[in-house]
Structure formats: structure tokens, C-alpha cells
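**Student:** Below: one structure in C-alpha cells.
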Amino acid sequence: MEAVYVMEGMISKEFCKIQDTHSRLGGGHLSGDKWAQGLSTKLMEMTHGQWLVRNFLIHDNVSGMLALERKEDLQIAIEEQQEMGMDGLAEEDRYLMEINLVDLEAMEKK
């Protein structure tokens, strides 16, 4: 795993020395290098996991923040049109005035 070697350079050699000493004194079974490699792997997995969650929270088409913003913008536009009534609304779009916003919000929460 190439990324592990990149991360290993970010872990101080002093930590590796401490782990080596700890291992020699009977407190562990991993050398400093192996310990640093394991730590690097865990850090990469953790940050990748956080990145995946963040992407889902922002970009999910149904419940992501961007989707919610689009839904809020659409709801505002619908409310504004309802306040104006049929004025400026094309004949083929007049059926949209029959949308009940309360029902629309209830469907969104299911």
C-alpha cells in the first residue's frame, strides 16, 4: 500500500524508538517500524471513512445537504407562486397550484 509509506514519513521517528524500547521491555510485540505502518494504515482508513461520510452527507441525491438546499429553494419558489396566484403562470403549469406543501413536506420526511 503506497499511501502507508507516505504516511509513515509523517510519524516521528521518536515514536518508533519509543515503541522499540517498549517492545524490548516486554510491553509489546511490534517493532517501531511495524507499529508505525499499522498506525499509518489506521489513520488512512479513518480519514477515508470520514471522507466517505462527508461525501454522503453533502452529495447524496435524496438526503444530502445539496439536495435539501434544492428542495428548500423549490419550496420557496412554490410558496412565492402560490402568493402570486395564477398570474404569470403558463396554462400548462397551472396544475402545479394544486400541490399541497404540507403533503409535500410529509412525503419528504418518510
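**Student:** Condition (residue is among the charged types (D, E, K, R), in contact (Cβ under 8 Å) with a residue 12 or more places away in the chain and either assigned to a helix (DSSP H, G or I) or touching an Asp or Glu at 6+ places or on another chain (Cβ under 6 Å) (or both)) applied to region 79-99: is it met by at least one residue?
**Tutor:** yes
**Student:** If you scan region 8-27, which residues turn out to be of a type in the set (D, E, K, R), surrounded by 10 or more Cβ atoms within 10 Å (Cβ to Cβ) and within 38 Å of the chain's Cα centre (by Cα)?
**Tutor:** Scanning region 8-27 gives Glu8, Lys13, Lys17, Asp20.
**Student:** Moving to a separate point now. Look at Ile58 and say whether it is part of a helix (DSSP H, G or I), more than 30 Å from Cys16 (Cβ to Cβ), open to solvent by less than 70 Å² (accessible area, probe 1.4 Å) and in contact with a Gly (Cβ under 7 Å, 6 or more places away or on another chain).
**Tutor:** yes
**Student:** Does Asp73 fit the bill of being more than 23 Å from Ile11 (Cβ to Cβ), within 26 Å of the chain's Cα centre (by Cα), loosely packed, with under 12 Cβ neighbours inside 10 Å and of a type in the set (Asp, Glu)?
**Tutor:** Taking the combined requirement at face value, the residue satisfies it.
The values are calculated or read from the model by the stated rules, or taken from the named source; none is laboratory data. This structure is a prediction, so every number in the text was calculated from the model and none was measured. Backbone-built Cβ (ideal geometry, glycine too); neighbour counts: all protein chains shown. SASA here: full protein model, heavy atoms, side chains in, ligands and nucleic acids out. Shrake-Rupley method; radii C 1.70, N 1.55, O 1.52, S 1.80 Å.
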